1. Of everything in region 23-46 that's open to solvent by less than 30 Å² (accessible area, probe 1.4 Å) and under 17 Å from the mean Cα position of the chain (by Cα), which residue is nearest to A236 (Cα to Cα)?
2. What about A146, is it within 30 Å of A41 (Cβ to Cβ), open to solvent by less than 10 Å² (accessible area, probe 1.4 Å) and assigned to a helix (DSSP H, G or I)?
3. Take the residues of region 197-221 that are in contact with a Ser or Thr (Cβ under 8 Å, 6 or more places away or on another chain) and not β-branched (V, I, T): which is surrounded by the most Cβ atoms within 10 Å (Cβ to Cβ)?
4. Would you please list the contacts, defined by Cβ atoms under 6 Å and residues six or more apart or on different chains, that run from a residue in region 81-96 that is part of a loop (DSSP other than H, G, I, E, B) to a residue that is crowded, with 17+ Cβ neighbours inside 10 Å and aromatic (F, W, Y)?
5. Looking at (1) among the small types (G, A, S); (2) assigned to a strand (DSSP E or B); (3) on the phi > 0 side of the Ramachandran plot, which one does S62 not meet, given that it meets all the others?
6. Quick one: K20 ticks every box in (1) part of a helix (DSSP H, G or I); (2) in contact with a Ser or Thr (Cβ under 8 Å, 6 or more places away or on another chain) except a single one, so which number is it?
7. Of all the residues that make up region 285-300, how many are part of a helix (DSSP H, G or I) and either closer than 22 Å to G161 by Cβ or open to solvent by less than 10 Å² (accessible area, probe 1.4 Å) (or both)?
8. Would you be able to tell me the number of residues in region 322-362 that are in a helix (DSSP H, G or I) and of a type outside the set (A, V, I, L, M)?
Amino acid sequence: MTLTVPCLFGLEALVADEMKRLQLQNVRAENGRVHCDGSLADIARLNINLRCGARVLMELGSFPAKDFEALFQGVLALPWEDLIPRDGEFPVKGYSLNSTLHSVPACQAIVKKAAAKRLGNAYGCETLPETGSRYQIQFAIVKDMAALYLDTSGEGLYKRGYRAQNMGAPLRETLAAALVTLSRYRGRDPFCDPFCGSGTIPIEAALIAKNRAPGLDRSFAAQRWKNMDSKLWLDAADEAQDGEFHGTYDIWGGDIDPAAVALARHNAELAGVEDCVRFETADAGKFHRDSQYGQLVTNPPYGERLLEKREAEDLYRMFGHALRDLPPKWRVIILSSHTEFERAFGRPADKKRKLYNGMLKCDAFMYGR
């Protein structure tokens, strides 16, 4: 079968690399998603192991859909009864881009009606109870081509299970893991985040250092599916745990807000990495390290309103001044949506990478080799 992993724009290459490391076949990336060939066992492996992907979708088919009749007949032709049992709940969601069928609610209604008709015919009933496990149907209509999927993940893969609360605007765990991956941190060097907030970046760094699969402490929609043997999930979890490392790591997170630091420590405990990360109340404007090399990855406040933007610029200026004394072998990545970041920080980035934090367009400003 074809498995599809949607992701934030800009992370496609990282997700493709993850899938190749899991030895998935025929991995191919396009804007905002990565496809591969896989099996039911690979559904479990991808959900448990992926750090940067948004969710794992099972592709059921694709076909031209220039009008509602074509959409209805295309959906009706798919073997829904092979996957969704008589009592299965099957809500529908999706999107349409550059297509004749541009009304998403109307497309949702047609997909639901066609799938219900197919299932009703298969099970010999006019009304389906939908009282059982959830089989979320997703559709994507792009340039008049419709693709239909079942969502195997349920909640997005960024929900690792360790963050009960947030401090202000949260950084998604998937993006935090991507930033750590871009820094090429592997657990050997010192790692710092001077604006750690609720601790997401240092915690993701610790999970990467230990090679701990991020999905081990949560459940997934397909675990409750009748055609997914529970042994597939146990085997995938065992395989992931067998690959874990055990060592001593120098991972540090600092924040000027003591409440944020307390929450970060709590989240690290929930993630099982409290022995790997040190959190301290600290002013990023006074950040200093003597170590000759290391990685610094951080997500300082952006300042979305005018007054906050000025405050953010002052903060960047102070932080840039503090980092002037950082030894040249440090690799630094700073995520910001602020258009004047480099000017305020005091130096142009060696490299920039466009990313999205949710719907917010950002740049990862990269310094060092």
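The values are calculated or read from the model by the stated rules, or taken from the named source; none is laboratory data. All values derive from a computational prediction rather than experimental measurement. Note: ideal-geometry Cβ built from the backbone for every residue, glycine included; neighbour counts use all protein chains shown. Please note that ligands, DNA and RNA were not included when accessible areas were found on the heavy atoms of the full protein model with its side chains. Shrake-Rupley method; radii C 1.70, N 1.55, O 1.52, S 1.80 Å.
1. It comes out as A44.
2. In short, no.
3. Here is the first cut: in region 197-221, the residues in contact with a Ser or Thr (Cβ under 8 Å, 6 or more places away or on another chain) are 201, 208, 220-221.
Next cut, not β-branched (V, I, T) only: 220-221.
Details: F220: 23, A221: 20.
Here the answer is F220.
4. Cβ pairs passing all conditions: I84/F90; I84/Y135; G88/Y135; F90/Y135.
5. Every listed condition holds for S62 apart from (3).
6. Result: K20 passes all but (2).
7. Initially, region 285-300 is screened for residues part of a helix (DSSP H, G or I), giving 285-286.
Then drop every residue that is not either closer than 22 Å to G161 by Cβ or open to solvent by less than 10 Å² (accessible area, probe 1.4 Å) (or both), which leaves none.
So the answer is 0.
8. Let us first name the residues in region 322-362 that are in a helix (DSSP H, G or I), namely 322-323, 341-345.
After this cut, where a residue has to be of a type outside the set (A, V, I, L, M) as well, the list is 341-343, 345.
Qualifying residue count for the region: 4.
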